[in-house]
Amino acid sequence: MTECYYKNKNINFKNHLSKLYELKYDKVSSIDLEKFILDIEMEHSPHVAGMCLKIAKAAINYAIKHKLVKENKFNTIKVKLPKKEKFHLTEEQARHVLQCCSEIYPRYYDLFYVILGSGMREGEAFALDKGAIDFENKRIVIDKQFTKGQLRLIPKGHANYRYVYLTDDVV
């Protein structure tokens, strides 16, 4: 986890969850706790409410582990996070990226061309090696990726192990 993640966690605890100190857990209903989380969601955002709920669940699970309480009343609460919008380049934008790349970073032009022409993900592209390219079958084997700053191998048969097929002009 990143330093930023922990900093946000501490801020959410201090700004929101510390208000629970005033309550006696055994006297509070799950409906009261749900209202508490929903108020955070309305006042701030679903992401802040989701982080607060995650922290609260973890704290109560810790208390259960040490037999301080019997149940986690936060487990019935759900925060619906908005779906992230996917951004896709238009054909004109993709041509512009390739034009800029050919002028500024000509060394990486082929890599950008393959990425744009195949739909390959960023982490997959940065993990490519020459052995992954199958020119005869016009495809690239995606069997590893960079994620969270580390090279991760994807076992064959895993959902993320796949082939990216290439057009004739990409090959």
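Every residue in segment 129-171 that is among the basic types (K, R), part of a loop (DSSP other than H, G, I, E, B) and either closer than 22 Å to L116 by Cβ or open to solvent by less than 80 Å² (accessible area, probe 1.4 Å) (or both), please.
Of the residues in segment 129-171, the ones among the basic types (K, R) are 130, 138-139, 144, 148, 152, 156, 162.
When the remaining residues are screened for being part of a loop (DSSP other than H, G, I, E, B), the result is 138, 148, 156.
Scanning segment 129-171 gives a single hit, K138.
Within segment 67-120, the set of residues being aliphatic (A, V, I, L, M) and part of a helix (DSSP H, G or I) comprises A94, V97, L98, I104, L111, V114, I115, L116.
Failed condition for D134, given (1) farther than 23 Å from Y109 by Cβ; (2) at pLDDT 85 or above; (3) of a type in the set (D, E, K, R), with all others met? Going through (1) farther than 23 Å from Y109 by Cβ; (2) at pLDDT 85 or above; (3) of a type in the set (D, E, K, R) one by one, D134 breaks only (1).
Pairs linking a residue in segment 106-134 that is β-branched (V, I, T) to a residue that is part of a helix (DSSP H, G or I) and open to solvent by less than 50 Å² (accessible area, probe 1.4 Å), with Cβ atoms under 9 Å and 6 or more positions apart or on different chains, are V114/A125; I115/E124; I115/A125; I133/V114. For segment 1-50, enumerate the residues that are of a type in the set (F, W, Y) and closer than 18 Å to F74 by Cα. Answer for segment 1-50, where residues must be of a type in the set (F, W, Y) and closer than 18 Å to F74 by Cα: F13, Y21, Y25, F36. Restricting attention to segment 23-66, the residues being open to solvent by 70 Å² or more (accessible area, probe 1.4 Å), under 16 Å from K80 (Cβ atoms) and not in a helix (DSSP H, G or I) number 1. Pairs are defined by a Cβ separation below 7 Å, a sequence spacing of at least 6 or placement on different chains, a first member in segment 60-81 that is touching a residue at least 40 places away in the same chain (Cβ under 8 Å) and farther than 17 Å from E41 by Cβ, and a second member that is hydroxyl-bearing (S, T, Y) and surrounded by 11 or more Cβ atoms within 10 Å (Cβ to Cβ); the pairs so defined are V69/Y25; K73/S30.
The values are calculated or read from the model by the stated rules, or taken from the named source; none is laboratory data. Values in this document were obtained by computation on a predicted structure and should not be read as measured data. Glycine gets a Cβ as well: all are built from the backbone with ideal geometry, and neighbour counts include every protein chain shown. The protein model used for the area step is the full one, side chains on, heavy atoms only, and it has no ligands, DNA or RNA in it. Shrake-Rupley method; radii C 1.70, N 1.55, O 1.52, S 1.80 Å.
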